[in-house]
Amino acid sequence: MNRLLTLITLWSLNALVLAAEPVRIGSRRELLVDEGLVERMAGRAELRLHAPTPREVAFETNEAWEGNSTNYVTVFQDGDKYRMYYRGSHFSYLGGKDRPNTRDVYCYAESSDGIRWTKPELALFDWNGSKQNNIVWDGVGSHAFVPFRDTNPHCSADAKYKALGVGGKTHGLYAFKSADAIHWELMHPEPVITKGAFDSQNLAFWDSERGEYREYHRDFREGRDIRTSSSQDFRKWTEPEFLSYSAIVDPGRRDERNPADVKDPVAEKYPSGRVSELYTNQIAPYYRAPHLLLGFPTRYIDRGWTESVKALPRYEYRQARAKDSRREGTALTDGMFMVSRDREQFSVWPESFLRPGLRTRDSWFYGDAYQNWGLVETRPDIDDAPPELSLYVTERTMQETGGVLRRYSLRIDGFVSLHAPLVGGELVTRPLTFTGNQLSLNVSTSAAGSVRVEIQDAGGQLLPGFAMADCQDVYGDDLDRTVVWSGNSDLAKLAGVPVRLRIEVKDADLYSFQFCTRP
């Protein structure tokens, strides 16, 4: 018994030591997208999920080889060029009365600004006797062909671009390479990953934080779910494992509730912790904070033939779609948001990041509101504003005509913010260490609002000169605002020392912060 008590005591002490270990953030940018750095929140403060703003139609997929099944879209910026890859195929629910069914091919578009897109004539593959088309790949892997630019510093010139593709005689994901992002070839005649369902947009990238390739693909576990594996050479992959999840249901308020009184409907419905069935995953390192993987999965949900279905767009066509499979008429899709710090455990926001919207015709069908894989910076609609993020979303999916891709925009880092009304609220971080001499905020306030920051030691005692009362009000709207205490912004003497940040917000949104080195 004494030995058992001793072991329990040692385990408890170890747990306390680990809990007190400061998070080493160095000079990396930290986004307020999860509870990773949150110790507690108080007042009216909350972590608020933001939604992107719909903009113009990027283009319609109305060519004979394009069709209505434009769901698996990839976009990335490559130097001064934006590249887009999207599936072309058509499926008729009307027995071909609209247009005939066509096979899966992959198409290519490009842009100089991410807003106006063109479809170059590539002359690579034949379509009905002509090569006058923008088909970039036709063959094995063309059901879902997902390229990326390989940033591995040891990548060979002939494999500067890589891709995973699904669709072929042998079940699995095939590996591809290209020197120019246009001309592609198989790296191996057989699939390199075979454990999974793969009937979705399966993707991979070079993970600079881990020094390895990482992939995410579709499988089934209590419905549609996601597996991941890694590789050093893009050919041999580790055994794929399912992701694990936790729902962000009440972030930062662990100390204000009795766990016995909190019922978790997510855990009851999905023992794995997943919020919904997830169709695509759209996971990638965030370019301004690559230690964070951001995912924009498509939620799949089927609520049956309810009264509300009758009020959704085009009820008669919805019935026609459901003739052979009910879900074609009753299932719905929208966009979600999730984040991971370790590549396998994801914090999921249960609410939608991307709603189908106030529409009467071209949305609210199964297959609509699929977000592309990849975020890019584009110019803003307002002349004197900074760049913004753009993403591209499907509309008019599986209807009689071709599909539509619409651009959406979002503030840089603007996925989630620490928000409070004018009465105020605050967040206290876990202990952390940093490098640098200044603290910069991505922040937005009203004319009456403000953000202030207090710096405390690891035990929560304020540090002289950096109290809340010493901090000058931060107000305005800025991606990079330096915090000043009594005329002083120099934090060099605190670099490497475990500290906590106590952040007060009033009618304001704080999206990210970063310790940096400046003259």
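Do we find that Asp219 is under 25 Å from Met336 (Cβ atoms), among the charged types (D, E, K, R) and surrounded by fewer than 22 Cβ atoms within 10 Å (Cβ to Cβ) in this structure?
Values: under 25 Å from Met336 (Cβ atoms): yes; among the charged types (D, E, K, R): yes; surrounded by fewer than 22 Cβ atoms within 10 Å (Cβ to Cβ): yes.
Taking the combined requirement at face value, the residue satisfies it.
If you go through the range 329-365, how many residues are in contact (Cβ under 8 Å) with a residue 12 or more places away in the chain and more than 20 Å from the chain's Cα centre (by Cα)?
Going residue by residue through the range 329-365, those that are in contact (Cβ under 8 Å) with a residue 12 or more places away in the chain are 329-341, 343-357, 359-365.
Those still in the list that are more than 20 Å from the chain's Cα centre (by Cα) too: 329-331, 359-365.
Counting residues in the range 329-365 that are in contact (Cβ under 8 Å) with a residue 12 or more places away in the chain and more than 20 Å from the chain's Cα centre (by Cα) gives 10.
Which one is farthest from Ala181 (Cα to Cα) among residues in the range 87-119 that are aliphatic (A, V, I, L, M) and in a strand (DSSP E or B)? If you could, list the steps in order and put the result at the bottom.
Residues of the range 87-119 that are aliphatic (A, V, I, L, M), as a first pass: 94, 105, 109, 115.
Now drop any that are not in a strand (DSSP E or B), which leaves 105, 109.
Numbers: Val105: 16, Ala109: 12 Å.
The residue in question is Val105.
In the range 302-338, which residue that is part of a loop (DSSP other than H, G, I, E, B) and of a type in the set (A, V, I, L, M, F, W, C) is surrounded by the fewest Cβ atoms within 10 Å (Cβ to Cβ)?
Filtering the range 302-338 down to residues part of a loop (DSSP other than H, G, I, E, B) leaves 303-306, 312-314, 322-326.
Checking the rest, the ones that are also of a type in the set (A, V, I, L, M, F, W, C) come to 305, 312, 322.
Details: Trp305: 13, Leu312: 18, Ala322: 18.
Result: Trp305.
Condition first: touching a strand residue (DSSP E or B) at 6+ places or on another chain (Cβ under 7 Å), in contact (Cβ under 8 Å) with a residue 24 or more places away in the chain and over 16 Å from Thr74 (Cβ atoms). Now tell me which residues in the range 143-190 satisfy that.
Passing the criteria: Asn152, Ala159, Gly168, Gly172, Leu186, Met187, His188.
So how many residues does the range 367-388 have that are in contact (Cβ under 8 Å) with a residue 60 or more places away in the chain and either small (Gly, Ala, Ser) or within 17 Å of Arg406 (Cα to Cα) (or both)?
Step one: filter the range 367-388 for residues in contact (Cβ under 8 Å) with a residue 60 or more places away in the chain, giving 367, 369-379, 381, 386.
In the following step, the residues that additionally are either small (Gly, Ala, Ser) or within 17 Å of Arg406 (Cα to Cα) (or both) were identified as 367, 369-379, 381.
So the answer is 13.
In this structure, is Thr238 surrounded by fewer than 19 Cβ atoms within 10 Å (Cβ to Cβ), hydroxyl-bearing (Ser, Thr, Tyr) and without any contact (Cβ under 8 Å) to a residue 24 or more places away in the chain? Walk me through it before giving the result.
Values: surrounded by fewer than 19 Cβ atoms within 10 Å (Cβ to Cβ): yes; hydroxyl-bearing (Ser, Thr, Tyr): yes; without any contact (Cβ under 8 Å) to a residue 24 or more places away in the chain: yes.
Yes, satisfied.
Scan Thr228, Thr151, Thr194 and give me the residue that is of a type outside the set (Asp, Glu) and more than 30 Å from Glu110 (Cα to Cα).
Values: Thr228 fails: more than 30 Å from Glu110 (Cα to Cα); Thr151 fails: more than 30 Å from Glu110 (Cα to Cα).
Unique residue meeting the criteria: Thr194.
Would you pick out the residues in the range 120-154 that are over 26 Å from the mean Cα position of the chain (by Cα), farther than 23 Å from Leu186 by Cβ and in a loop (DSSP other than H, G, I, E, B)?
Pro120, Glu121, Asn128, Gly129, Gln132
State which residue is farthest from Val423 (Cα to Cα) when the search covers only the range 450-472 and only residues that are in contact (Cβ under 8 Å) with a residue 40 or more places away in the chain and part of a loop (DSSP other than H, G, I, E, B).
Ranking the candidates gives Ala458 first.
Kindly check whether there is at least one residue in the range 157-179 that is surrounded by 13 or more Cβ atoms within 10 Å (Cβ to Cβ) and polar (S, T, N, Q). Write out each step before concluding.
Let us first name the residues in the range 157-179 that are surrounded by 13 or more Cβ atoms within 10 Å (Cβ to Cβ), namely 159-168, 171-179.
Remaining after also requiring polar (S, T, N, Q): 178.
Yes.
Within the range 68-117, track down each residue that is over 20 Å from Arg149 (Cβ atoms) and hydroxyl-bearing (Ser, Thr, Tyr). Working first, answer last.
At the first step, the residues of the range 68-117 found to be over 20 Å from Arg149 (Cβ atoms) are 68-71, 88-105, 115-116.
Correct list: Ser69, Thr70, Ser89, Ser92, Tyr93, Thr102.
Throughout, read-outs are computed from the coordinates displayed, never taken from laboratory work. The structure presented is a predicted model; accordingly, all values stated were derived computationally and were not measured. Note: ideal-geometry Cβ built from the backbone for every residue, glycine included; neighbour counts use all protein chains shown.
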